[in-house]
Structures are given as structure tokens and as C-alpha cells.
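The values are calculated or read from the model by the stated rules, or taken from the named source; none is laboratory data. Quick caveat, the model's predicted, so the values are computed rather than measured. Methodologically, a virtual Cβ is constructed for each residue, glycine included, from the backbone with ideal geometry; neighbour enumeration extends over all protein chains shown.
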Amino acid sequence: MLQAVNHTELEIRGAYPKVEPLVRLRHIARQLQLFKPRLARSDQAGNLLTRYRGRGMNFEEVRDYQPGDDVRTIDWRVTARTGKAHTKLYQEERERPVVILLDLRAPMFFGSQVAFKSVVASGIAAALGWAALQHSDRAGALLFTDSNIDTVRPRRSHHAVLAMIHNIVARAGELTSPVTGNSQPLKNMLEEARRIARPGSALFLISDCHDLDDSCAQPLYLLTRHADLQVIRVSDPLERHLPDQSLTISDGRQRTFINAGSRPLREHFAEHQTQVRARVEQLCRKHRLPLLDFDNTQPLIPALVAKYGSRDSALAARRTKR
């Protein structure tokens, strides 16, 4: 399966996301498990047990076993009778809304090597949307820009994911436009998510988390009282450590120079960024939120499979990466 999507992997790069590679990410959806217990225990900041609710227990139907299904849900009677593995489905599994909260503000329009943070974040959003649909969940999104919040209502339909993808590409394309006035803070998105998310929803926040701070504490508390939230942090290595050389930075219209050859400047920058990252991790620990890190210079598909795939898929992804 991984070999079949290598071509897509080559296209998850550049300054702007494109529709076609985001649509092709549907091919890896079956390998991704959005609610596996291993994810909540091992990838969470601080190694605390999460409050992630997982699946309900209202039996709905039996279907053919698919790679990534929890072996505990196998219907052994039907499997023995038919000679083919079958899985029990439950009502919550079929009807749980998955809402992707995607940050497409100006700070996401940055990348030092392979892809901008906004491009990688868009790829993650598309993959999670397809995965939700693959596992019979409803998929929707909130797209958060400097001045707007676009809503794609959760639906169990390819049209919902396609609408999300087209909106993502359109909004990401506007990142070339200058920001007029102050950009809205991340807490606004969390407050909007609380307004639209139904109880029991699964939310995935994809952002660089530069302003996931104390101002978000109250919205996070209120949001996680009735919904599950996972934080996905996308970052660029250059945001953590400056190289020992002068740098030219451009937004496509203007250029500026940074004297990164100054050791005090590099040390001050690294210390500040470490504090910002630690603040995010502390907030996630406080609210018992899973926190996953993605590096925008690393291949996206192996990273997705390593974090969301089954054990066998994760091992295959690591071999492919090598």
C-alpha cells in the first residue's frame, strides 16, 4: 500500500497545497486509526492517560474485517461460519462526528526546506478526513484564517471531504495576501469549535500552536468537557534553532536579512522557542490532551502511518523512510 502512494508523497511539498495530491491521500486512509488506545498512551505529552473516549458499545452490524480494525471487535462466530474474518460495528463508530480544526493563518505560511507548514497541515487534515470517512465516521472541518472561520459541517460523504479540500486550497492560496489589521487568536477557533461540535465529537487541532497559551485555557476546558480533542503541532526546524549564518527571509514580495551569525541572538532565539514549546506541552498535560508533533521537512505519509497506523503499518512506514 505504501508503494502505491509514493508518488503522492513527492507532491506534498512547496508553498501551496494542491487538490489532486490531497485527494490521493484517500489511498492511505485504511491504514490510519484515529482512535487507537496506543496513540493516547504513548504519543501524549507528559505520558498521562488521556480522557479520549473512544468507541461506544451499541451494536450496529457486522462487516468484513479491514486492516487496522481492533481484533477485540472480531465476530468469531461469523468468522468461523463464513471462513472469512468479520468485525462488529457499533453505533457510535458509525455516527461519531470528526471535526478537523485547521490553522491557516499567516504564521503557517512558512517553510525552510521541503514544504510550508500550511501545506503539511493541509495534508494531515485531508488524510484524517479520508480516514474518518473510511471508518464510517462523519467528517467536517473548521478552517481558521487571519480574519475568517469557514465551516464544513460533518457528513458521512465524500462530498464533505472534497469540499473541505477545495476550501483548504482556496484559503491557503490567500496566504499571499497581506494581513489587514490584527490576526484573530487561536482561542477564537476553540470557542467556535465548542459552539458547533456536538457532544461526543472527536476534534483534531492542526496548528503550529504559537499562540496556544493561557488565553486558550478556558476555551479548552469548556470544549473538552463534552468533546475529545487531539493537538497536532506542525513545526519547521528553523523555528527551533537558527543556523550559524546570515539568512534572507522573504514573503514573496519583500526581503529582510537576519544576522544569525550572532551567537547571543541564536541562543536567545532558541531559549524563547523552547519556552513556547514547553508552554504548549504543559497546557496539553494540564488538560490531558494527546499532543503529536510533525516536522514539515519530513516525508508526510510515513509520519502519518507511524503515528496513526497499526503496528505492522508503522513498521512498514519506517522501512520505507529508510
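Values computed for the structure shown
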| read-out | value |
| --- | --- |
| Test result for residue 88, at negative phi and surrounded by fewer than 22 Cβ atoms within 10 Å (Cβ to Cβ) | yes |
| Residue within the stretch 134-152 that is modelled with pLDDT of 95 or more, closer than 24 Å to residue 34 by Cα and of a type in the set (Lys, Arg) present | no |
| Odd one out for residue 258, checked against (1) assigned by TED's automatic domain parsing to the domain that holds residue 185; (2) surrounded by fewer than 17 Cβ atoms within 10 Å (Cβ to Cβ); (3) among the hydrophobic types (A, V, I, L, M, F, W, C); (4) in contact with a strand residue (DSSP E or B) (Cβ under 6 Å, 6 or more places away or on another chain) | (1) |
| Tally of residues being of a type outside the set (D, E, K, R), assigned to a helix (DSSP H, G or I) and surrounded by fewer than 16 Cβ atoms within 10 Å (Cβ to Cβ) across the stretch 181-218 | 5 |
| Qualifying residues in the stretch 44-76 (those that are part of a loop (DSSP other than H, G, I, E, B) and hydroxyl-bearing (Ser, Thr, Tyr)) - the one modelled with the highest pLDDT | 65 |
| Tally of residues being touching a residue at least 60 places away in the same chain (Cβ under 8 Å) and touching a Lys or Arg at 6+ places or on another chain (Cβ under 9 Å) across the stretch 251-261 | 0 |
| Sole exception among (1) in contact with a Phe, Trp or Tyr (Cβ under 7 Å, 6 or more places away or on another chain); (2) at pLDDT below 75 for residue 41, by number | (1) |
| Subset tally (residues that are more than 23 Å from residue 103 (Cβ to Cβ) and either aromatic (Phe, Trp, Tyr) or assigned to a helix (DSSP H, G or I) (or both)) for the stretch 234-290 | 9 |
| Criterion violated by residue 221 - all others in (1) farther than 24 Å from residue 101 by Cα; (2) in a helix (DSSP H, G or I); (3) among the aromatic types (Phe, Trp, Tyr) satisfied | (1) |
| Pair list, Cβ under 9 Å, 6 or more apart: the stretch 230-250 residue farther than 30 Å from residue 193 by Cα, other residue assigned to a strand (DSSP E or B) and among the basic types (Lys, Arg) | 248/255; 249/255 |
| Which numbered condition residue 205 fails, given (1) assigned by TED's automatic domain parsing to the domain that holds residue 288; (2) more than 16 Å from residue 102 (Cα to Cα) | (2) |
